[in-house]
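Trainee: One structure, pasted below without further comment.
The values are calculated or read from the model by the stated rules, or taken from the named source; none is laboratory data. Note that the coordinates shown come from a computational prediction; the quantities given were computed from them, not determined experimentally. Note that each Cβ is placed from the backbone with ideal geometry, even for glycine, and that neighbours are counted across all protein chains shown.
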Amino acid sequence: MKILFNRDMLRHNQNGRVEGPRRIAKLAELPDVDDCVPSVDGEKLLALAHRTDYIERIKELCRKNQHIAEVNTSIHTYNSAVLAVGLSVDAAINGDFAAVRPPGHHASSDREGGFCFFNNMAIAAIHLSNQGKRVLVIDIDGHHGNGTQCIIEARAAHPDGAGEIMFASIDGEFGWPHILIRPGITRINGRTCSINLLVPAGAGDDMLMDSVNLVMQASKEFRPDVIGISFGTDGHRDDNLGLKYTEHGFYGLGRALHRSGKKTFAVLEGGYHSLVVECIDAFIAGIEGRNPPYEVPGTISQQRLWDRFNDITREVKGVLLDNNHGMHQEMETEDIIL
Ligand SMILES: [Zn+2]
């Protein structure tokens, strides 16, 4: 799994204290990471997920250096966003990791938000779907991938649209955007289209893995050809969401995907601490079946958090796993790496 990066993306929101270039600037120093030029023109693919009037509006606002989606924009913002889309589509095609900014998962077809303008993952998944692939998108960012869910559900519900994308988001309870976060399942045209799982504040690597395993089991009937990971790292214990994931948890996620045998790609979403690149590195090591690159012990959630997790996700788990099917029994312990 190659890291797809281009230092031009560091020119967007250069003084941003939260979603700023420092998040992934380390990549520019790594000898094995080059500036990648997308094989596709991202601008021509924006309409896969966005209204044309919205695309024009974002371009114009960037030209005028407006403050939107909580960041200062410029023409570099628009160019970076288009580059991010192109690299995300390349990642989807080739099974690579698009280490891009601005992120995309809060952008819906006609609305920016949460540092996001164009939905990199939704566009990449739709591109694959248009080629006949069945795509499972798992969003592990600590925030809900509300934009991605909106776009995928609208596509599934459209009478002419293919619906071969399934979406799952694993979010921190009480995170932004508050009103949209509900544990639940959306079924469209007779099949599960999206799943939303919540983990309580303090959740460790074990709960992230449990959630991912649940999604993987729930997607068996869907039979995905490709898995796309919306790779947000703001669940890391060094970030401010109150979750306790570590590099080892992201490594474990990679290992679980490696064992699934499914073609996998990833697109960077949030994550504002100083170890974003290490999290990417650990995830890729897992995907490639290598040993963990960092000596970081996995974090274990307290029992009271498991009680809370089971409580808030009981209904979703019951539906997904046909109630008494025995989720913990089905989950092989080798899938939970600590
Ligand atoms: Zn986030």
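Trainee: Which condition number does N240 fail, the rest of (1) assigned to a loop (DSSP other than H, G, I, E, B); (2) within 15 Å of the ligand (Cβ to nearest atom); (3) at pLDDT 95 or above being met?
Mentor: The one condition N240 does not meet is (3).
Trainee: If you take the residues of the range 261-274 that are out of contact with any Phe, Trp or Tyr (no Cβ under 9 Å at 6 or more places or on another chain) and of a type outside the set (S, T, N, Q), which of them is nearest to the ligand (Cβ to nearest atom)?
Mentor: Filtering the range 261-274 for residues that are out of contact with any Phe, Trp or Tyr (no Cβ under 9 Å at 6 or more places or on another chain) and of a type outside the set (S, T, N, Q), the one nearest to the ligand (Cβ to nearest atom) comes out as Y272.
Trainee: Here are the criteria: (1) crowded, with 24+ Cβ neighbours inside 10 Å; (2) part of a loop (DSSP other than H, G, I, E, B); (3) away from the ligand (no atom under 16 Å from the Cβ); (4) small (G, A, S). Tell me which single one G142 does not satisfy.
Mentor: So G142 meets the others, but not (3).
Trainee: Please go through the range 110-150 and pick out each residue that is touching a residue at least 24 places away in the same chain (Cβ under 8 Å) and of a type in the set (S, T, N, Q).
Mentor: N119, N120, S129, N130, N146, T148, Q149
Trainee: Related question: Which of the residues that make up the range 213-237 are of a type in the set (G, A, S) and within 11 Å of the ligand (Cβ to nearest atom)?
Mentor: S230, G232, G235
Trainee: When only residues in the range 104-113 that are within 12 Å of the ligand (Cβ to nearest atom) and either closer than 16 Å to V33 by Cα or under 14 Å from the mean Cα position of the chain (by Cα) (or both) count, which is surrounded by the most Cβ atoms within 10 Å (Cβ to Cβ)?
Mentor: Filtering the range 104-113 for residues that are within 12 Å of the ligand (Cβ to nearest atom) and either closer than 16 Å to V33 by Cα or under 14 Å from the mean Cα position of the chain (by Cα) (or both), the one surrounded by the most Cβ atoms within 10 Å (Cβ to Cβ) comes out as G104.
Trainee: State yes or no: is G271 assigned to a loop (DSSP other than H, G, I, E, B) and touching a strand residue (DSSP E or B) at 6+ places or on another chain (Cβ under 9 Å)?
Mentor: So G271 fits the description; yes.
Trainee: Could you please give the count of residues in the range 239-297 that are of a type in the set (A, V, I, L, M) and in contact with a Cys (Cβ under 8 Å, 6 or more places away or on another chain)?
Mentor: Residues that pass the stated criteria total 0.
Trainee: Further, regarding this structure: Tell me which residues, restricted to the range 275-294, are in a loop (DSSP other than H, G, I, E, B) and either within 16 Å of the ligand (Cβ to nearest atom) or more than 25 Å from L128 (Cβ to Cβ) (or both).
Mentor: Of everything in the range 275-294, those that are in a loop (DSSP other than H, G, I, E, B) and either within 16 Å of the ligand (Cβ to nearest atom) or more than 25 Å from L128 (Cβ to Cβ) (or both) turn out to be L275, R290, N291, P292, P293, Y294.
Trainee: In the range 189-226, which residue that is more than 18 Å from the chain's Cα centre (by Cα) and acidic (D, E) is farthest from A256 (Cα to Cα)?
Mentor: Only one residue fits best here, namely E221.
Trainee: Taking the range 119-139 only, how many residues are closer than 23 Å to F283 by Cβ and part of a loop (DSSP other than H, G, I, E, B)?
Mentor: The total comes to 3.
Trainee: So, one more: Can you tell me which condition R155 does not meet? The list is (1) surrounded by 15 or more Cβ atoms within 10 Å (Cβ to Cβ); (2) at pLDDT below 85; (3) away from the ligand (no atom under 12 Å from the Cβ); (4) closer than 19 Å to A107 by Cα, and all the others hold.
Mentor: (2) is the only condition that R155 fails.
Trainee: Separate question: Which of the numbered conditions does N120 fail, given that it passes all the others? Conditions: (1) within 16 Å of the ligand (Cβ to nearest atom); (2) in contact with a Phe, Trp or Tyr (Cβ under 9 Å, 6 or more places away or on another chain).
Mentor: (2)
Trainee: All but one of (1) at pLDDT 95 or above; (2) over 20 Å from H143 (Cβ atoms); (3) not charged (D, E, K, R) hold for V71, so report the exception by its number.
Mentor: Of the numbered conditions (1) at pLDDT 95 or above; (2) over 20 Å from H143 (Cβ atoms); (3) not charged (D, E, K, R), the odd one out for V71 is (2).
Trainee: Failed condition for T299, given (1) over 28 Å from V135 (Cα atoms); (2) modelled with pLDDT of 95 or more; (3) out of contact with any Lys or Arg (no Cβ under 7 Å at 6 or more places or on another chain); (4) away from the ligand (no atom under 16 Å from the Cβ), with all others met?
Mentor: Here T299 meets the rest and fails (3).
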